[in-house]
Structure formats: C-alpha cells, structure tokens
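A short write-up of the structure that comes next.
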Amino acid sequence: TNPGTKERGEFLTWKNQPGKEVLPQGWKLIRPDMTYEMMAGYGEWNPSDGDDNVTLNFKPLVTVVDVVVNGPKEGEADIDVYYVSIRSKTQPIVGDFTCTIGDNGDVSFSGMPEKVNADNNIATINCQYEDENKIPTPVKLHPGEKLTLKFFLLPQDIQARELSVAVQAKNGRTLMQNLVPDGRGLPAPKLMKGERVRVVTPYLEIPPTSNRMTMTGID
C-alpha cells in the first residue's frame, strides 16, 4: 500500500545536520518513511562458486517525486507551511496494489485502483512537527529558504499533465500549480514507473485574491 496521507516525518534543517546527509544552507528537510520507496532485489547463487554471498541487483518499484518548495522572495514575509500535496485529476496515484517478482527477477503489478476517488488521487505530507513544548508547529520558510519533501506514488506511468502541487499555508490558504502549465503547447511528459523526478515550485507568495502560483518546473 502507498497511503495517501503520510504523517509528519523527522524535521531537519541545515543547522541540524541529518546523519550522513548534508543540507546546503537555507534548506529544510522532512525525512520520509523510506519503507514506502519499495525496491525489489534479484540475484543468483551458484554453489560451485564457493562464495556464500549473493549479489542483489535492486530495482525501484514505485514512482518517486521530490518536491522542492521555495520560500518567499527576499523582502517578503515568512510563510508557514502546514501541508504539501500532489493531486491528480483523473488518475489514481495512491492506494493498494500487488507486486509479483518472477524467478528471473521480472516484476509485475496488479490490483491497483482503476477509478479515481477522494482517497486515491491525493498524496499529502504533514509538514507540522512538535516543538520543544510538544506543540504541532508548521514549517516556517524565511525568504530564500527551501523545503524538500519526497512522495511515493503507485508503480505505474503517470501523465505529468494530470498532476498539480498544492501548498497549504496559514489561515487555510492553498497555493496550487500544475506540473505542466496549461497552454505551453508541448507534448506532456510522463512520470515513468520506477522513475525519480524533481519538481520545483516558484517562490511562495500569498496573493490578495488568487490562490495560484505562477510557475513550476519539472526535471
């Protein structure tokens, strides 16, 4: 199962370096539950080799989307981030599935939801963490800071035009942007099964009337 809602992960900043990882100055990270990344390993062993070690070749199964949320521009006010979501228009992106690994390492999938509903078209990460008083606190992005998150989606090809990124800020304001802006006039890319892609949002800004971000990028 790839659940639609991920509980808050460990919150780390460049001031609190996470183990072997090194965050650049100004970067903040919500470390995900890596059990949802799901990889399959395959290897062969021949007793005549005289070696008890089996070398496994690992293959990623699910589609991984790294989202980098840009904070506000220099001179703008700080923004509190409560939740970040990836939303799909008509294609399920989370839910139950069955994975079968064959004798030769081939992997096949079945049992994925075919029709979209309110539970399987949104993947959400809770960006609130407990402060020193155990009070849930949103991630505060100062001008120039970035927040990076990782989403694990169903193991299938996903049309990028289907997806949008939503950032829920203070007072329930939600900033949204399609991964592929409308009217670009170019063929829409696919997020291939087992592929890792990175999405970068524009600078966060709370507009007076609109809830839409102006641009986003997909690598």
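On the basis of being modelled with pLDDT of 90 or more, on the phi < 0 side of the Ramachandran plot and not in a strand (DSSP E or B), does P143 make the cut?
Details: modelled with pLDDT of 90 or more: yes; on the phi < 0 side of the Ramachandran plot: yes; not in a strand (DSSP E or B): yes.
Taking the combined requirement at face value, the residue satisfies it.
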Tally of residues being open to solvent by less than 50 Å² (accessible area, probe 1.4 Å) and either more than 19 Å from M38 (Cβ to Cβ) or in a loop (DSSP other than H, G, I, E, B) (or both) across segment 93-123: 9
Residues located in segment 174-219, provided they are at pLDDT below 55 and of a type in the set (D, E): D219
Output for segment 21-40, where each listed residue is under 21 Å from E145 (Cα atoms) and either of a type in the set (K, R) or at pLDDT 80 or above (or both): L23, P24, Q25, G26, W27, K28, L29, I30, R31, P32
Matching option when the condition is closer than 30 Å to G26 by Cβ and out of contact with any Gly (no Cβ under 7 Å at 6 or more places or on another chain), among D49, D66: D66
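If you check K150 against the conditions, is it in a loop (DSSP other than H, G, I, E, B) and farther than 23 Å from E205 by Cβ?
No.
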Residue among G75, G43 that alone is touching a Pro at 6+ places or on another chain (Cβ under 8 Å) and of a type outside the set (S, T, Y): G75
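Would segment 49-58 turn up any residue that is at pLDDT below 90 and of a type in the set (G, A, S)? Working first, answer last.
Of segment 49-58, the ones at pLDDT below 90 are 49-58.
In the following step, the residues that additionally are of a type in the set (G, A, S) were identified as 50.
Yes, segment 49-58 has at least one match.
The values are calculated or read from the model by the stated rules, or taken from the named source; none is laboratory data. Fair warning: this is a prediction, and the values are worked out from it, not measured in the lab. Quick reminder, even Gly has a Cβ in these numbers, built from the backbone with ideal geometry, and neighbours come from all protein chains shown. Quick note on the areas: whole protein, heavy atoms, side chains included, nothing else; ligands and nucleic acids left out. Shrake-Rupley method; radii C 1.70, N 1.55, O 1.52, S 1.80 Å.
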